[in-house]
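The next block holds one structure in the form of structure tokens; read it before the comments.
The values are calculated or read from the model by the stated rules, or taken from the named source; none is laboratory data. Note that the structure is predicted; figures quoted are calculated from it, not measured. With ideal geometry, Cβ positions are generated from the backbone for all residues, glycine too; neighbour counts draw on all protein chains shown.
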Amino acid sequence: MRFEKGKSLKSLTTLGIGGKAADFVEVKNEREMEKLFRENKRRWRVIGSGSNIVAPDSGFHGLVIKIGIKAFGVKGKTVYAGAGSNLLDFIKKINRHGFRGMEKMAGIPGTVAGAIYGNAGAYGQEIKDNIFRVRIFDGEKIKWISKNKCKFGYRSSIFKKNKNWVIVGAEFSFAKGNPRELSKISKDIIKLREKKYKPGLLCPGSFFKNIIIKDLKSIVRKKLLSKIDNSKIMYGKAPAGYLLEEVGAKGMSSGNVRIAQHHGNLIYNAGGGKARDIRKLSRILKDRVSRKFGVRLEEEVQYL
Ligand SMILES: Cc1cc2nc3c(=O)[nH]c(=O)nc-3n(C[C@H](O)[C@H](O)[C@H](O)COP(=O)(O)OP(=O)(O)OC[C@H]3O[C@@H](n4cnc5c(N)ncnc54)[C@H](O)[C@@H]3O)c2cc1C
């Protein structure tokens, strides 16, 4: 294992923002990981590809651990993927095997573990749909936990609450499909996604989660529904992008952090952006949405 002092968090996140990590290391297999956690006495955070992270301007005064475990194996209809496997590489592989269920998630940046942590999804598919069980390090040992125990929900999982659990890998089970058709779907989706996210854009994807209508208290739900164009509700959710656009988010900026002209829920770093500007914009937008619609937006991005 190679430790690096003063590693720039900018270089570890797609937003390209953040100070330095006092120490940084990448672990490549389970043995290295167990050894590291047994010996490490410092504060730590784990990351994957950093595509959903806002890192503080002041850096992280501890050890940042990149989980780079990249195993891949197929047994019948069951597939194993190491936590650090690139999600798109994984989807391409399972497409080729004719395993159906994740082809529409092609183009979501990041690792398999990052996707499990936030139950990533797109176009009606979520990573939870095909998970059978997840392999974790619980602070003492490596073990399997069932899908049920992962408590997956919309962009949520048990891992967002149990921050000391580290995802090591996961086992998936898939229905069969046609490899050529699956690969075509993935390619088409990638093209579609590039219209929203121009390649190279420094951003963490959607900034806020959509609002799940059925989870709102009835008085809050009534207020929201009376204030929005109901045709905008998609899959039982009020899109955060729509609410943000209604409060004038498009094109706003703070320092070198901007909100896209074409999408109210896309906050990006125009170059030299700061985390403090992200937090400022986030506060302003939450306040505006809360005052106008009576609902509180919650970040989909994770503050390191
Ligand atoms: C252009 C763009 C488009 C995007 N589109 C989508 C989309 O369509 N749908 C969607 O759901 N998301 C989307 N995202 C967000 C992001 O890609 C996903 O959240 C992704 O799954 C994060 O994976 P990661 O490996 O980069 O995780 P990171 O950003 O590195 O980490 C995210 C969180 O997971 C935790 N974590 C990472 N690895 C582990 C581990 N091994 N064990 C425990 N915790 C861990 C981290 O501590 C952190 O809290 C997009 C992002 C970008 C930049």
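Is it fair to say Ser58 is more than 24 Å from Ala175 (Cβ to Cβ) and either over 16 Å from the mean Cα position of the chain (by Cα) or away from the ligand (no atom under 16 Å from the Cβ) (or both)? So Ser58 passes the test. Close Cβ contacts (under 8 Å, 6 or more residues apart or on different chains) running from residues in segment 163-177 that are surrounded by fewer than 17 Cβ atoms within 10 Å (Cβ to Cβ) to residues that are of a type in the set (A, V, I, L, M) comprise Ser173/Val79. If you go through segment 26-49 and keep only what is at pLDDT 95 or above and buried (at least 20 other Cβ atoms within 10 Å of the Cβ), you end up with Val27, Val46, Ile47, Gly48. For segment 1-25, the candidate set comprises residues that are surrounded by fewer than 19 Cβ atoms within 10 Å (Cβ to Cβ) and small (Gly, Ala, Ser); within that set, the residue that is nearest to the ligand (Cβ to nearest atom) is Ser11. The single condition among (1) away from the ligand (no atom under 13 Å from the Cβ); (2) in contact with a helix residue (DSSP H, G or I) (Cβ under 9 Å, 6 or more places away or on another chain); (3) over 27 Å from Lys163 (Cβ atoms) that Gly124 does not meet is (1).
The test for being out of contact with any helix residue (DSSP H, G or I) (no Cβ under 6 Å at 6 or more places or on another chain), small (Gly, Ala, Ser), free of Cβ contacts under 8 Å to residues at least 12 places away in the same chain and over 27 Å from Ile108 (Cβ atoms) does not hold for Ser231. In segment 293-304, the residues that are within 16 Å of Gly264 (Cα to Cα) and touching a residue at least 24 places away in the same chain (Cβ under 8 Å) reach residues that are near the ligand (Cβ under 8 Å from one of its atoms) and part of a strand (DSSP E or B) with C-beta atoms within less than 9 angstrom, at least six apart or across chains, in these pairs: Val301/Ile53. Looking across Asn148, Asn119, Asn130, Asn95, one residue alone is in contact with a helix residue (DSSP H, G or I) (Cβ under 6 Å, 6 or more places away or on another chain) and away from the ligand (no atom under 13 Å from the Cβ). It is Asn95.
Scanning segment 151-197 for residues that are polar (S, T, N, Q) and within 15 Å of the ligand (Cβ to nearest atom) gives Ser156, Ser157, Asn162, Asn164, Ser186. Has segment 275-296 got any residue that is within 20 Å of Cys203 (Cβ to Cβ), in a loop (DSSP other than H, G, I, E, B) and within 24 Å of the chain's Cα centre (by Cα)? No: segment 275-296 contains no residue that is within 20 Å of Cys203 (Cβ to Cβ), in a loop (DSSP other than H, G, I, E, B) and within 24 Å of the chain's Cα centre (by Cα).
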